[in-house]
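The values are calculated or read from the model by the stated rules, or taken from the named source; none is laboratory data. What you see is a predicted model, and the numbers here were worked out from it, not measured in a lab. FYI the Cβ positions are ideal-geometry reconstructions off the backbone, even for glycines, and counts take in every protein chain you see. When the accessible area is computed, the model is the full protein with side chains, heavy atoms only, and any ligands, DNA or RNA have been set aside. Shrake-Rupley method; radii C 1.70, N 1.55, O 1.52, S 1.80 Å.
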Amino acid sequence: MPSSCEPQYAPAGDVGAALMVIDSRLKSIYDDTETGPEQRLLTDQFIASLGPRGAHELLDGTCTLIYMFMTWLRKACEEHDEDVIQFVVPNLVATMSTMSRSVPPQAIPTMAGMVIAAGTGLSPSLWRKQYGEWTEEEMTPLEATAILLAEQINRIADDREFATRLITAALSRADDED
């Protein structure tokens, strides 16, 4: 029986903007120079300039990224007869638990549930919508979730830009199909 949380019913949002934000955050994490804080400030200014509609599109785009990252991780796990939920969620929860200044403990179950939903083929944004609107307190954990998934993909591929290229290639293929 089809679920109302299946990805074909979800808005894709602004995947390009979401990818730019996540890629920028990853680069500031990987960057050993002093440009990290400056890059974060520029990204924060960009997000602030979007306005309410643009911010909502960015939120949906971030959920789409999470879905795409989990789809890639699920396929990679299946090639090794591993369960993507077992592979991703414990690490995600443990890492977020150490990020107490950015990720409040009460947001961790929501992020884990969203990743589990994506890992089982459901839309993260529609899954979350069942429980009401996103809260301000969930925005940083949502971003952290996307960053942690991208970073996990980059570590698996042993390439700091693999997750970004993965999404860029998918967006290019989608443009070619239109």
Legend entry - Helix-only CD estimate at 222 nm, as mean residue ellipticity for the chain, using -39500 (n - 2.57) per DSSP H run (n ≥ 4): -23500 deg cm²/dmol
Inset, instruction - Find which of Met139, Thr164, Asn154 sits farthest along the positive direction of the dipole of the range 111-178, computed with +1 on the beta-carbon of Lys and Arg, -1 on that of Asp and Glu, about the Cα centre. - result: Asn154
Inset, instruction - Would you please state which residues of the range 96-117 a label at Ile29 would reach in this model, taking the label point 7 Å out along Cα→Cβ and a backbone N cut-off of under 19 Å? - result: 96-105, 107-116
Inset, instruction - State the percentage of accessible surface on the chain attributable to carbon and sulfur atoms; use a 1.4 Å probe and exclude ligands, DNA and RNA. - result: 54
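For a quick protection proxy, order the peptides 45-53, 113-121, 144-152, 160-168 by their average other-Cβ count within 10 Å, most packed first. Show your work: numbers first, answer last.
On the way: 45-53: 10.8, 113-121: 20.9, 144-152: 23.0, 160-168: 18.2.
With the highest mean Cβ count within 10 Å placed first, the list reads 144-152, 113-121, 160-168, 45-53.
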Legend entry - Cα shape, the chain, gyration tensor, a/c 1.5 rule: rounded
Legend entry - Solvent exposure of the chain as accessible area per residue, Å², 1.4 Å probe: 56
